[in-house]
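See below for the structure under consideration.
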Amino acid sequence: MRAVVKTSSEPGLEMIDVPMPELGPDEVLLQVKATSICGTDLHIRNWDPWAQTHVTPPIVVGHEMCGVVVDKGPKADGPEIGQLVSVESHVVCNRCAFCRTGKGHLCENTKILGVGRDGVYAEFVAVPAANAWPDPPDMPYSIASLQENFGNAVHTASVPLVSGRKVLVTGCGPVGVMAVAVARALGARLIIASDVSDYRLAMAKQMGADITVNPATGDVVDTIMDVSEGEGIDVLLEMSGAPSAINEGFTSLKSGGEAALLGLTSAPLEFNLDDHVIFKGASVYGIVGRRLWIDWYQMRGLLRSGAVDLSPIVTHRYALDDFDRAFETMASGECGKVIMFPDPQDADGPLE
Ligand code: NAD
Ligand code: ZN
């Protein structure tokens with residue numbers, strides 16, 4: 001089968017022929033219908049220091065997907081052959097203390113598809129049946145594919161209380177704009193969004209932000225103080241990993257406020273812990289992955305009720321054969337979610 005593979009310890013990805021995946025007894029074999037690009041895949045393609053320490057070539061890359069079950073191992077429960085499923089990319093052990101206490105997203109034996117085991121930029125992939133999340137058959141493939149990433153936004157926006165409160169989202173990449181939509185759906189009173197890209201701010205507006213501010217041309221803290229009668233924000237959803245955005249977010253946070261941090265800083269940062277957290281009595285939450293499976297159930301509810309419509313953020317579709325162009329689009333930042341289709345016939349919109 002065709003697959004996009006990190007073949008050696010250097011920048012780049014290659015499409016090559018690889019053997020069909022071996023199907024474990026508790027696994028399902030999925031025919032990949034759509035797969036989307038995440039920032040992590042860019043890191044792996046660029047072979048940056050994070051990738052060099054987390055990925056061992058050769059490996060099939062990619063972890064966001066939907067597909068159809070085409071075969072099952074003898075001990076695989078769950079989805080039947082023919083079912084459309086999305087995939088939770090974190091394969092957890094179900095045995096460690098975290099898994100056994102409802103904290104599977106912190107599993108100490110986690111293997112991530114496309115990072116620690118073969119991923120989904122391929123015609124087929126084998127995953128544990130427990131990782132396959134059944135989708136309604138009428139769900140567009142693009143939306144079904146990006147749910148894994150949507151789960152990061154749902155997780156971040158549902159740990160602090162956003163209902164009736166003033167919320168700042170720093171960083172309006174795909175996850176940031178999805179968090180804007182979730183905060184809106186959960187009843188936020190006011191949503192301010194910041195990004196250094198006007199393209200991304202326009203997307204944030206479309207997904208429900210009341211006010212957008214570009215720190216390159218405007219002052220984020222002044223803007224927030226103006227619109228909040230000098231009070232500041234109740235909730236920070238940090239989705240950029242940019243040190244200046246983190247500082248602006250905490251400077252704008254009210255005493256007693258809550259900050260949920262998803263964005264990854266590439267290096268340790270200078271941070272005024274006393275003023276930003278301690279004297280404010282702020283609550284700070286680190287957010288990793290998706291809670292298994294609360295966030296998936298909440299996603300299903302938000303999408304099926306129509307409270308969140310993700311279709312505007314699907315901006316580009318490519319054939320998987322065109323993965324290089326798809327990655328260039330993602331790297332440019334002038335995009336929302338970029339979806340790739342192993343079989344171009346499966347595309348749910350015009351291909352680039
Ligand atoms: P992304 O890189 O597409 O988006 C980041 C956005 O931040 C970009 O639009 C960028 O323009 C913006 N930005 C950069 N500097 C800024 C600044 N000074 N002020 C405001 N905005 C600024 O990433 P994404 O896919 O949307 O993911 C968001 C973040 O979450 C990334 O850091 C990613 O690595 C991280 N992430 C973490 C987890 C987790 O489990 N913790 C999971 C997925 C993604
Ligand atoms: Zn575990």
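When you have a sec, figure out the Kirkwood radius of the chain from all distinct Cα pair distances and drop it here in Å to one decimal? Don't skip to the end; give the middle numbers.
Numbers: mean 1/r = 0.0483 Å⁻¹.
One decimal place: 20.7 Å for the Kirkwood radius.
Sorted into 10 angstrom bins from 0, the C-alpha pair distances of the stretch 1-137 split as 13, 41, 35, 11, 0 percent.
Placing unit charges on each Cβ (+1 for Lys and Arg, -1 for Asp and Glu) gives the stretch 223-301 a dipole about its Cα centre, and among Q298, F279, P268 the Cα reaching farthest toward its positive end belongs to Q298. In vacuum, with every alpha carbon of the stretch 154-286 counted as one equal point scatterer, what does the Debye formula give for log10 I(q)/I(0) at q = 0.09, 0.16 Å⁻¹? Two decimals, please. Each listed q corresponds, in turn, to -0.20, -0.68. The smallest convex shape that holds all Cα atoms of the stretch 234-276, its convex hull, gives 61 Å³ per residue. Compared with the dominant principal axis of the Cα atoms in the chain, helix 243-252 is inclined by about 50°.
Working from the pairwise distances between different alpha carbons, so that the mean of 1/r is found and then inverted, what is the stretch 206-340's Kirkwood radius in Å? All intermediate terms of the calculation are to be shown ahead of the outcome.
Numbers: mean 1/r = 0.0568 Å⁻¹.
The Cα-based Kirkwood calculation yields 17.6 Å.
Past 22 Å, Cα to Cα: identify those pairs from K33/K337; K75/K103; K205/K337; K166/K205, in the order given.
K75/K103
The listed residues S266, S283 rank as S266, S283 when sorted by accessible area, largest first, using a 1.4 Å probe. Phi-derived couplings, Karplus 6.51 cos²θ - 1.76 cosθ + 1.60 at θ = phi - 60°, listed residue by residue for the stretch 212-229: 10, 9, 9, x, 6, 10, x, 9, 5, 5, 4, 4, 5, 5, 4, 7, 10, 6 Hz, with x used for Gly and Pro.
When the GluC sites (Glu not before Pro) in the stretch 133-235 are filtered for DSSP coil states and for at most 10 other beta-carbon atoms within 10 Å of their beta-carbon, the remaining sites are E229.
Count neighbours as other Cβ atoms within 10 Å of each site's Cβ, and list the trypsin sites (Lys or Arg not before Pro) in the stretch 1-89 that are DSSP loop with at most 11 such neighbours. Don't skip to the end; give the middle numbers.
On the way: sites: R2, K6, K33, R45, K72, K75; in loops: K75.
When the trypsin sites (Lys or Arg not before Pro) of the stretch 1-89 are filtered for loop state and at most 11 Cβ neighbours within 10 Å, K75 remain.
Tell me the mean residue ellipticity at 222 nm calculated for the chain from its helices only (DSSP H runs of n ≥ 4, each -39500 (n - 2.57), averaged over every residue, nearest 500). Write out the running numbers ahead of the final one.
On the way: 10 runs with 96 residues, N = 352.
Helix-only estimate at 222 nm: -8000 deg cm²/dmol.
The values are calculated or read from the model by the stated rules, or taken from the named source; none is laboratory data. On a predicted model such as this, the values are computed, not experimentally measured, just so you know. All Cβ positions, even for glycine, are placed from backbone atoms using ideal geometry, and neighbour counts span all protein chains on display. To get the accessible areas, we keep the full protein, side chains included, count just its heavy atoms, and leave off ligands, DNA and RNA. Shrake-Rupley method; radii C 1.70, N 1.55, O 1.52, S 1.80 Å.
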